[in-house]
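Chemist: My questions all concern the structure below.
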Amino acid sequence: CAMDWQVLSLYLESQVRVGLFGSGVGLSLVLGFGVAYACYYLSSIAKKPQLVASNDRFCRFLEEYCPVVTETYYPTIWCWEGRVQTLLRPFITSRPQVQYRNELIKTADGGQISLDWFDNNDSLYYPDASTRPTVLLLPGLTGTSKESYILHMIHQSETLGYRCVVFNNRGIAGEDLLTPRTYCAANTEDLEAVIHHVHNLHPSAPFMAAGVSMGGMLLLNYLGKTGRDTPLMAAAIFSAGWNVFESVESLEKPLNWLLFNYYLTTCLQSSISRHRQMLEKLFDMDLVMKARTVREFDKQFTSVMFGYRTIDDYYEDASPCRKLKSVGIPVLCLNSVDDVFSPGHAIPVETAKQNANVALVLTSCGGHIGFLEGIWPRKCTYMDRVFKQFVQAMFEHGNKIFSM
């Protein structure tokens with residue numbers, strides 16, 4: 001019986017192979033699906049980004065020295081959808097090894113800020129530390145210098161010979177809170193202190209900044225406040241939330257709440273829980289820890305900490321779209337229109353056209369800090385390439401923007 005069953009199994013298996021692939025039907029189905037998918041991908045997914053800029057000279061500068069912003073972006077063919085890119089990026093991308101030098105600086109209110117330096121003392125292109133170009137990096141809402149996207153930016157900068165310093169928001173990089181205050185997207189006091197500290201240490205070094213997600217929002221709000229009165233020569237912004245009202249509304253949709261909002265809220269709560277003894281002097285921490293959305297957390301904690309009368313007042317002040325007209329240095333902003341953290345309809349395209357210093361690069365896919373490309377997108381993303389080309393363009397050819 002056992003032998004008969006084996007013979008029957010082999011016969012049936014051979015008939016399946018013959019029936020599907022021997023006759024060509026199965027192979028035709030596979031090839032047909034593949035061709036249809038490839039056509040859909042090439043016609044609807046792989047596209048050139050939209051470059052929005054009112055200044056023709058800025059556009060020509062980018063086309064010549066930062067050509068990646070005009071080339072077709074080919075998202076990873078098996079995970080191009082925005083939510084999927086957002087979720088997979090932290091797990092897929094590599095984590096380059098970076099050795100930091102930590103520095104704690106004091107603030108005017110008695111607090112402290114943790115800075116992580118990558119000095120790049122082995123730089124072949126800029127052996128003189130006093131004139132070595134410096135990039136200030138601002139991570140996202142609960143991010144630190146250990147985030148993979150920050151490590152990749154440092155790796156890109158290292159190959160170009162630049163120095164980097166990462167601005168860790170108060171209380172999230174392992175340092176103690178000395179005062180009952182953390183951070184928010186609207187308050188730029190700590191960023192101003194860091195920028196002037198870094199500039200005073202290296203006054204002869206060209207100086208740029210790059211902000212990601214909330215770090216980009218904070219940087220834009222700073223630039224909108226200071227205009228041209230800043231030591232920074234230029235800035236790069238990635239996946240910033242332009243309108244906070246629209247961002248939280250998008251994140252509160254059922255699927256987005258399940259995938260992102262609840263997790264992000266728990267991350268915020270975790271970031272302050274170790275400082276509970278300091279913070280409970282001013283806040284009802286039990287109520288704060290009951291928040292189930294970012295909006296609830298901001299209502300009970302962030303807006304109260306920074307003295308806003310209502311959560312709407314805070315969100316209005318934190319939205320960079322309201323300050324974009326006042327930016328006074330060249331800024332390149334990369335967003336994907338399928339980013340649930342910053343919906344495409346909320347990107348201030350018309351406002352950007354009114355400021356000659358601003359250029360928007362809008363991709364059709366990429367999600368939030370995703371921008372994966374290639375079959376196995378482990379080592380480099382589209383965002384990394386935009387960062388590398390833009391900082392190199394500004395440091396090495398920035399003086400040509402207004403002469404082209």
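The values are calculated or read from the model by the stated rules, or taken from the named source; none is laboratory data. What you see is a predicted model, and the numbers here were worked out from it, not measured in a lab. Cβ atoms come from the backbone with ideal geometry, glycine included; neighbour counts cover every protein chain shown. All accessible areas refer to the heavy atoms of the entire protein, side chains included, with ligands and DNA or RNA removed. Shrake-Rupley method; radii C 1.70, N 1.55, O 1.52, S 1.80 Å.
Chemist: Based on DSSP H assignment, which helices of the chain show an axial Cα extent of at least 20 Å together with a mean Kyte-Doolittle hydropathy greater than or equal to -0.5?
Modeler: 2-17, 25-40, 382-397
Chemist: Continuing with this model, one more query. Fully extended, how many nm does the chain gain between LYS353 and HIS196 (0.36 nm per residue separation, minus their Cα-Cα distance)?
Modeler: 53.5 nm
Chemist: Taking only the C-alpha atoms, wrap a convex hull around region 186-256 and report its volume per residue in Å³ as a whole number.
Modeler: It comes to 88 Å³ per residue, whole-number rounded.
Chemist: Which aspartates and glutamates, if any, have their Cα less than 12 Å from the Cα of LYS48, not counting same-chain residues under 8 positions apart?
Modeler: By straight Cα distance, LYS48 reaches GLU71.
Chemist: Could you state how much accessible area SER247 has, in square angstrom rounded to the nearest 10, with a 1.4 Å probe and all protein chains kept in place?
Modeler: Taking all protein chains as shown, SER247 has close to 10 Å².
Chemist: Further question on the same structure: Counting pairs of alpha carbon atoms under 8 Å apart in space and at least six apart in sequence, what relative contact order in percent does the chain give?
Modeler: The normalised contact order for the chain reaches 24 percent.
Chemist: Considering only GLU373, GLU158, GLU103, give the residue with the highest GNM mean-square fluctuation for the chain, with springs between Cα atoms whenever their separation is below 10 Å.
Modeler: Of GLU373, GLU158, GLU103, the Gaussian network model singles out GLU103 as fluctuating most.
Chemist: How many lysine pairs in region 282-395, separated by 8 or more positions in sequence or lying on different chains, have Cα atoms less than 18 Å apart?
Modeler: Value for region 282-395: 4.
Chemist: Can you give the accessible area of ASP338, probe radius 1.4 Å, in Å² rounded to 10?
Modeler: 40
Chemist: Restrict the search to region 91-198; then list the chymotrypsin sites (Phe, Trp or Tyr not before Pro) that DSSP places in a loop and that have at most 14 other Cβ atoms within 10 Å of their Cβ.
Modeler: TYR125
Chemist: In addition: Given the rule -39500 (n - 2.57) for each run of at least 4 DSSP H residues, summed and divided by the residues of the chain, what is its mean residue ellipticity at 222 nm, to the nearest 500 deg cm²/dmol?
Modeler: Helix-only estimate at 222 nm: -11000 deg cm²/dmol.
Chemist: Mean separation of Cα pairs under 8 Å and 6+ residues apart, divided by the residue count of region 84-127: what relative contact order is that in percent?
Modeler: 28
Chemist: If the elastic network links every pair of Cα atoms under 10 Å, which of GLN112, GLN85, GLN277 fluctuates the most in the Gaussian network model of the chain?
Modeler: Answer for the Gaussian network model of the chain: GLN277.
Chemist: Please list HIS197, HIS275 from largest to smallest accessible area, probe radius 1.4 Å, with all protein chains kept in place.
Modeler: If we order HIS197, HIS275 from most to least accessible, we get HIS197, HIS275.
Chemist: Which whole-number percent gives the relative contact order of region 244-318, counting Cα pairs below 8 Å spaced six or more residues apart?
Modeler: 33
Chemist: May I pose another question? So, taking all protein chains as they sit and a 1.4 Å probe, how much accessible area belongs to VAL165, in Å² rounded to tens?
Modeler: Using a 1.4 Å probe on the heavy atoms, I get roughly 0 Å².
Chemist: From the protein chains alone at 1.4 Å, what is the descending order of accessible area for TRP242, TRP80, TRP376, largest first?
Modeler: Descending order: TRP376, TRP80, TRP242.
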